[in-house]
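Data first, discussion second: the structure below is written as structure tokens.
The values are calculated or read from the model by the stated rules, or taken from the named source; none is laboratory data. Owing to the predicted nature of the structure, the values given are computational and were not obtained by experimental measurement. All Cβ positions, even for glycine, are placed from backbone atoms using ideal geometry, and neighbour counts span all protein chains on display. Heads up: the accessible areas ignore ligands, DNA and RNA and are worked out on the full protein's heavy atoms, side chains in. Shrake-Rupley method; radii C 1.70, N 1.55, O 1.52, S 1.80 Å.
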Amino acid sequence: MNKTKLFCSMLCMGMLSIGSAQIEQDSVKVEQLDEVVVSDSRFALKRENSGKVITKITSKTLEKLQGQSVAEIIGRTVGVEINGVRSNAGQNLSYFVRGGRNRQVSIMIDGIQVTDPSQIANDYDLRFLNADQIDSIEILKGASSTLYGTGAATAVINIKLKEVSKKKVNINLRSTLGTNRSSEDKSYALEDFRNSISVNGTVDKLSYLASFGLQSTDGLSAIENTTESDKFKSNNGNLKLSYNFNNEFSVKTYTSFDNYDADFDDSFGMMDADNVTKSNQYRIGLSPEYKYNNGNVVLNAAYNNVEREIESDFPSKFNAQSIVLDAFNRYSFDDKFYTVIGLNYQDNQMQSFTIPFGETDFSQAINPNNAQFTITDPYANVVYISDFGLNINAGIRLNNHSEYGSHLVYSLNPSFKEKLDFGYIKGMVSYSTAFITPSLYQLFEPSFGNADLEPEENDTFEIGAELHLKDKATLSLVYFNRNEDNFIDFVDIGGFVFQYKNIEESFNANGLEFVTNVSAVNNLNLNTNVTYTVVNEDLGLRIPELKINARVDYQLCDKTTLGLSYQFNDDRNDIFFDNTTFENVTVNLEPFIITDFYVSHKVCKDKMTLFANVTNIFNEEYQELFGFETRGRGFNFGFNLKL
């Protein structure tokens, strides 16, 4: 079918079905009229007063997605493609949002930006996170550097960890067992094990939460058409304490660790290999908050340490530390005018070790005395909500970088809402700019680094509308147009000498994001989202032009829930290195369709939930990355016990 016709048909189906609908955001979120969002302003605003279409995945929704990873859950939302989630558990993840890459997506955990300064893209690895420890996720798309700084060029993924119970002791146990096989494998052995436990509660003024999770996965090779399986093992822990001294002053503190070992194969020769990558991370943080009349002052402070080691024919080690301080004052003049004034500070440092050709011992490649930079950004944001429907969200930020100097970004986001007897209709326009700081590796790697790099620049224009029918439907359509300048590329500067350089060429990505959420009959929710993306050929690797997600949830009875999900991914281009010609070759990856089934049932006075998933029901054979294996039909089942 012609792609444009397919998109239009989905659009028409959504419009025809809104007459009898209930609300659920992006196939994953049951929404109420008074739903609040915070990511676009840092204030808890009613959704109808927000100038953005924000995907919100609540704890209630996450209960319906038990047995899935964080990356799988996020990858089902509109405008987002996470490449690698359908492959071997240790496969590197690529975040494609509105034609962008990993370095253009900012990930926040409990309000604090998290990164891995040892990575070339400076990105945070979602494989570290355990979905069982998450309470909710908000996804804000578009350039958002005015509030969130570097990297917030295509999306901000704001992850909130679980809150504590008001009881003195509350225990939650979850265990999942599943298969992990290719579409050609005839065996359905249990080779995917995921377990977690959390203990939390409140004693007087002290609240606490401690959680631990682990995953062990085997059975699937990283490279297709090979026999050796590549294992993935991970474990993580989180401790969060909060003490309320009085109604005005409280302090939260946390510490966490995350690590994994992942086997991987030789991607150049496309053959089995005994390669292993090991990654270890720990974080500590402190967040005091002082409340006063009409406002509050918050300090988010965090220290992050990452150690990575690659065991292969080209072994290497990396270590990076980062300090993040984000202090801001929120003040509400009244119920119409809100302001945020803040200062963000970051200090990043890294070192690396490699074994030079012909040697046997590691030697230092990147020196931590040189590979360091600081960022100091003052910023301000204002929100105005009028009585006649006009809402304005605007912000400004001055980025000050120790290597390249200063850079100004800004945003303007007016919207207009018309209240109706049966809901509201909202129109939105937004223009915003963003920047992406060069990574420590790009700046200071001895052979390829370039200390003269400037930040990448992005600007995004959005226009859209959202229709909400009270207790019946939500329908939204957004057009976006994003430009990239000062793109940092790895280029041949002559004589087969490669270096990171800012290139003069500009790139563009534009498209449509459509979401409709309907309920044809009682207890039946039908939710769809469609993403249509057009990008420059140079940016289009592994990005589908058309992507469709649909999910049907049926409440069979008070205790039993059934779910059926569908995903269509359009064809994509990929590149592989040809060992015979020593050239990169472009290949086309065929489109694919994935259908999954979910069922859950509550027992033991609703204290225990039993659940099961059948993934890739029709055993579709496809590729996410050229030459790499993907999962065929799979089964998993488990339980969640609350004590």
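Taking a straight line from the alpha carbon of Lys419, these aspartates and glutamates sit under 18 Å away, with near neighbours fewer than eight places off in the same chain left out: Glu31, Asp34, Glu35, Glu48, Asp335, Asp387, Glu466, Asp471.
Gain on full extension, evaluated as 0.36 nm per residue between Glu228 and Lys419 minus their Cα-Cα distance, stands at 62.7 nm.
Within a straight-line Cα-Cα reach of under 17 Å, Lys240 can be paired with the following aspartates and glutamates, leaving aside sequence neighbours fewer than 8 residues apart in one chain: Asp110, Asp132, Asp135, Glu163, Asp204, Asp258, Glu289. Taking amide H as placed 1.01 Å from N in the peptide plane, the amide H of Ala273 sits under 5 Å from that of Asp266, each at least 5 places away or on another chain.
Quick one: of Lys233/Lys642; Lys141/Lys162; Lys162/Lys317, which pairs are farther than 30 Å apart, Cα to Cα? Pairs exceeding the cut-off: Lys162/Lys317. For the range 397-413, 3J(HN,Hα) computed residue by residue from phi via the Karplus equation (6.51, -1.76, 1.60; θ = phi - 60°) reads 8, 10, 7, 10, 10, 5, 9, 10, x, 10, 8, 9, 10, 8, 8, 9, 9 Hz, glycine and proline entered as x.
Counting pairs of Cα atoms in the range 448-549, how many percent are more than 20 Å apart?
Value for the range 448-549 (Cα pairs over 20 Å): 58 percent.
Close amide H pairs (under 5 Å, H built 1.01 Å from N) link Phe337 with Ile385, residues at least 5 positions away or on another chain. On full extension, the segment bounded by Lys167 and Asp558 gains 138.3 nm, given 0.36 nm per residue less the C-alpha separation. Close amide-amide hydrogen proximity is noted between Phe373 and Asn348, each under 5 Å apart and 5 or more residues distant or on a separate chain (H modeled in the peptide plane; Pro and chain starts excluded).
Dividing the mean sequence gap of close Cα pairs (under 8 Å, 6+ apart) by how many residues the range 333-460 holds gives a relative contact order of 19 percent. When the charge dipole of the chain is built from unit charges on Cβ atoms (+1 for Lys and Arg, -1 for Asp and Glu) and taken about the Cα centre, the candidate among Ile73, Asn502, Leu206 whose Cα reaches farthest toward its positive end is Leu206. Using a Förster distance of 30 angstrom, determine the FRET efficiency expected from the C-beta separation of Val491 and Glu307, and round it to 0.05. Efficiency at R0 = 30 Å is approximately 0.50.
What does the net charge come to around Asp313 if you take all other residues with beta carbon closer than 11 Å to its beta carbon, with K and R at +1 and D and E at -1? Value of the local net charge: -3.
Taken about its Cα centre, the chain carries a charge dipole of roughly 3400 debye when the Cβ of each Lys and Arg holds +1 and the Cβ of each Asp and Glu holds -1. Near Asp132: Cβ cut-off under 10 Å, other residues only, Lys/Arg at +1 and Asp/Glu at -1. The net charge is +3. In terms of its C-alpha gyration tensor, the range 390-518 has a prolate overall shape, because the principal axis ratio a/c (a ≥ b ≥ c, square roots of the eigenvalues) is not below 1.5 and a/b outweighs b/c. Considered as an equivalent ellipsoid built on the Cα gyration tensor, the range 402-463 has semi-axes of 42, 11, 7 Å, the largest given first. Model label sites at Leu398 and Ile463, defined 7 Å from Cα along the beta-carbon direction, differ in position by 3.4 nm. For Lys417, neighbours were defined as the other residues whose beta-carbon sits under 12 Å from its Cβ, and their charges (Lys and Arg +1, Asp and Glu -1) total 0.
Derived scalar couplings between HN and Hα for the range 563-568 equal x, 10, 10, 9, 9, 10 Hz in order, rounded to whole Hz, by the Karplus curve 6.51 cos²θ - 1.76 cosθ + 1.60 (θ = phi - 60°), x for Gly and Pro. At full extension, Phe576 and Thr595 could sit 4.0 nm farther apart than now, given 0.36 nm per residue minus the alpha carbon distance. If you roll a 1.4 Å probe over the chain with all protein chains in place, what percent of the accessible area is carbon or sulfur? Of the solvent-accessible surface of the chain, carbon and sulfur hold 57 percent.
The alpha carbons of the chain stretch over 74, 58, 56 Å along the principal axes, in descending order.
Here the Karplus curve 6.51 cos²θ - 1.76 cosθ + 1.60, taken at θ = phi - 60°, turns the phi angles of the range 437-442 into couplings of 5, x, 6, 4, 5, 5 Hz, with x standing for Gly and Pro. The residues Met271, Met608, Met108, sorted by heavy-atom accessible surface at 1.4 Å with ligands and nucleic acids left out, run Met271, Met608, Met108 from largest to smallest.
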